[in-house]
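For reference, the structure discussed in these notes is given below.
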Amino acid sequence: HAFEHSLEVHLPFLQRLLDDFTLVPLAVGHAAPEAVAEILDKLWGGPETLIVVSSDLSHFLPYGTARQVDSNTCQHILQLDTHIRPEQACGAFPVNGLLLTAQRRGLKPTLLAHCNSGDTAGDKDRVVGYAAFAFNEEAREPGGVEDIVVGALLAAGERQRVLQLVEEALGLGAGLLDLEDHAAADVRL
């Protein structure tokens, strides 16, 4: 996993968001959703547990093609479909494990943001797709006691802070990810 960089990408966000925490990094290779879900269940804990699953979406497609492929992948994630393939998301194996865990725990996904590097870096010839999701218990609305952002459990008071960090990371500026004003299927950037 020498070229895996998700820990380096996410650690600064976690350090800024959380005061004091213990980290258990996992790199998932070619694994069945059941195997990943088993590990997630063992690590889950309670509302104090933060689980982050990281993946880009498509890689190096032209802008328009990437938008279509990534929108399709987002729909599969919203449907908790555990058949995401590596060409749809490089982290397909951990994503599928998270989706199986979400099914078993009755969590409902919400699309927070969807864009690609053509939206942020300008080059539209070969883009990389990105999306952020929150997973919530079916019985409550987003912003309740805890949310899962790309698999991350967060206290409700931290929700706006995470959204601000996502906006900053995507170079969007404050206020574009207002979940109160958008239905899950309508939040597309």
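Numbers for the structure displayed
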quantity	calculated
Most to least packed among 94-101, 59-66, 129-136 [average Cβ atoms within 10 Å]	94-101, 129-136, 59-66
In sequence order, calculated HN-Hα J values of the range 76-93 (Karplus, 6.51, -1.76, 1.60; Hz; x Gly/Pro)	5, 5, 4, 8, 6, 7, 8, 10, 5, 9, x, 6, 8, 7, 4, x, 4, 5
Where the range 1-110 is the region considered: accessible area per residue in Å², 1.4 Å probe	58 Å²
Ordering of 71-80, 42-51, 21-30, 109-118 by packing [mean C-beta count within 10 Å, highest first]	109-118, 71-80, 42-51, 21-30
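The values are calculated or read from the model by the stated rules, or taken from the named source; none is laboratory data. Every value quoted in this text rests on a predicted model; they were computed, and no experiment measured them. Glycine also receives a Cβ, built like all others from the backbone with ideal geometry; neighbour counts cover every protein chain displayed. Heads up: the accessible areas ignore ligands, DNA and RNA and are worked out on the full protein's heavy atoms, side chains in. Shrake-Rupley method; radii C 1.70, N 1.55, O 1.52, S 1.80 Å.
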